[in-house]
Amino acid sequence: MVSLRAGLSWLIGVALLATLLINLTIQLIHAGPRVRAEAGSNLRLAREFVLTTIANLPDNDNPAPILRRLYANLGSLRHVDIKVLERGESPPPRWSAADHPNDAGPPAWFVKLVDVPPPRVILAPIRVRDSDFGSVAIISNPLDELEEIWSDMTWLASISLVVTLAIIALVLLLVRFSLTPFGALQAGLADLEAGKSGVRIAPRGASEFRQISNALNSLAATLDRVRQENRDLVNELIEIQESERKEIARDLHDEAGPCLFSIRAAAVSLQDALAHSPPNLERLRQISAIVDRASEALQSLVRGLLGRLRPKGLSELGLKTALESLFASWSLSHPEVDLRLLSPHDLSSLDETTAFAAYRLVQESVTNIFRHAKASWAQVSVTFGWDKVDETGEGEAEEAPTLTLVIEDNGIGIAKERRSGMGLLGMFERVQGLGGAMKVERRDGGGTRVIVSLPIRDEEEQDCE
């Protein structure tokens, strides 16, 4: 793949070379007519000059020597040659560059390419007192004009070549200087790909590079924040898990332990009672009552643990029943808050994943109300709806069925500048994991409103899992 620097150099070089070729072609096209016009004009002027000279000759026996000296003193004429021919002497059969050697003359291929017209010969007779003393041959010399054209084209090509090389060199230096920020951008992207934190790129260079650098710095800051939030969330989850395990271990130790000890002690007492003959029926009834109470306490403990680990009745009875049971327990433990549950639809058809997520979101939201809101009234609404979802990723949104949760209270409300805690962050992560949307806002009348939209999966998606 060609680099940007090489591509720009080639582009400018080709453009300048094409301009040079166009200029040379234009000069070459006009070279032939120019040579013909110049040669014809000079041939006519030379003829008038020769005729005027002959007409003004003195009365001599032979004026040819005088004419030779005169034309010799004129020197070399441009575009024409003048030769004095003796009487009976014929003009040269052809004229060529060999007769006028010139190292700076145009090459033969250029002469052939321009299509130089053949030399023209005009004879002017030398007559004095009706006597014939020979003639003057005027021969056109088109190579003089062609030499000028060749010289101009050579200089033009040389200067254009030098200018082209100079421009390419300047472009290379400019591109090299302008593309210097690319190295920093590439290094920054490599650091981001490697997962490094605190990656920042100093904005420099052109405005486009500065905008890219600012965008990458913003992206790096967002990634650092997300990584920190993920670490905090993982640590919080670990702490919650450890706390839950400690509570379960404490409950098992404080409640299950005594129950199991009572059952074991009752078993030993039962064996002692059965060892006597006849057995003491009253003692057996007492031992049976002890085992029954211990078993009931142990069963209640296990039921409570299972309810904490998995919502009671969620899989069997559905989301609505599980929420009603949860609200009933909350009403007993928090009588100061008026809790309301609005669920006008049948929620039994929800898949287990969506139902479990909705249950946990309601549980976390209402728990936050108890802890922080200082509210006297709270309401949870669970309804079906339709939201626009872009499933193709091409910007074409289609309406899809959703489960909408609205949890609101009349408490102190959430501060605008307050950073989301681990509870809200965990809720956001859970909603995003299911492809839903969540919004937390302040109510106009005071308090907080949490709006959650969870997509409802069809049977084919459930079967794929």
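Key figures for this structure:
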{"item": "Of the criteria (1) among the aliphatic types (A, V, I, L, M); (2) over 27 Å from Pro335 (Cα atoms); (3) modelled with pLDDT of 80 or more, which one Val389 fails", "result": "(3)"}
{"item": "Lone unmet requirement of (1) in a loop (DSSP other than H, G, I, E, B); (2) surrounded by 13 or more Cβ atoms within 10 Å (Cβ to Cβ) for Leu146", "result": "(1)"}
{"item": "Complete set of residues in the range 239-274 that are of a type in the set (Val, Ile, Thr) and over 52 Å from the mean Cα position of the chain (by Cα)", "result": "Ile263, Val268"}
{"item": "Residue that is surrounded by fewer than 13 Cβ atoms within 10 Å (Cβ to Cβ) and over 30 Å from Ser197 (Cα atoms), where the choices are Ala294, Ala266, Ala249", "result": "Ala249"}
{"item": "Any hit, the range 402-409, residues being modelled with pLDDT of 85 or more, surrounded by 13 or more Cβ atoms within 10 Å (Cβ to Cβ) and outside any strand (DSSP E or B)", "result": "no"}
{"item": "Residue in the range 20-38 that is of a type in the set (Ser, Thr, Tyr), within 25 Å of Val162 (Cα to Cα) and at pLDDT 80 or above present", "result": "yes"}
{"item": "Test result for Arg303, surrounded by 14 or more Cβ atoms within 10 Å (Cβ to Cβ), over 30 Å from Gly435 (Cα atoms) and either in the same structural domain as Ile248 (by TED's automatic domain parsing) or without any contact (Cβ under 8 Å) to a residue 24 or more places away in the chain (or both)", "result": "no"}
{"item": "Any hit, the range 319-335, residues being modelled with pLDDT of 85 or more, surrounded by fewer than 17 Cβ atoms within 10 Å (Cβ to Cβ) and on the phi > 0 side of the Ramachandran plot", "result": "no"}
{"item": "Among the candidates Asn230, Asn217, residue that is surrounded by fewer than 13 Cβ atoms within 10 Å (Cβ to Cβ), assigned to a helix (DSSP H, G or I) and within 36 Å of the chain's Cα centre (by Cα)", "result": "Asn230"}
{"item": "Matching entry among Asp132, Asp152 (being of a type in the set (D, E, K, R) and not in a helix (DSSP H, G or I))", "result": "Asp132"}
{"item": "Subset of the range 155-183 [small (Gly, Ala, Ser) and in contact with a Phe, Trp or Tyr (Cβ under 9 Å, 6 or more places away or on another chain)]", "result": "Ser178"}
{"item": "Qualifying residue in the range 193-206 (condition: part of a helix (DSSP H, G or I), under 30 Å from Ala6 (Cβ atoms), of a type in the set (A, V, I, L, M) and under 19 Å from the mean Cα position of the chain (by Cα))", "result": "no"}
{"item": "Filter pass, Glu399 being within 34 Å of the chain's Cα centre (by Cα), surrounded by 12 or more Cβ atoms within 10 Å (Cβ to Cβ) and at pLDDT below 90", "result": "no"}
{"item": "Residue list for the range 207-246, filter: of a type outside the set (Val, Ile, Thr) and more than 26 Å from Leu192 (Cα to Cα)", "result": "Leu237, Glu239, Gln241, Glu242, Ser243, Glu244, Arg245, Lys246"}
{"item": "Restricting the range 149-193 to residues that are under 20 Å from Arg210 (Cβ atoms) and of a type in the set (Phe, Trp, Tyr), the residue that is surrounded by the fewest Cβ atoms within 10 Å (Cβ to Cβ)", "result": "Phe177"}
{"item": "Enumeration of residues in the range 432-457 that are in a strand (DSSP E or B), buried (at least 17 other Cβ atoms within 10 Å of the Cβ) and basic (Lys, Arg)", "result": "Arg449"}
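The values are calculated or read from the model by the stated rules, or taken from the named source; none is laboratory data. Everything quoted here is computed from the prediction, not taken from an experiment. Because the Cβ atoms are built from the backbone with ideal geometry, glycine has one as well, and the counts that use them run over all protein chains shown.
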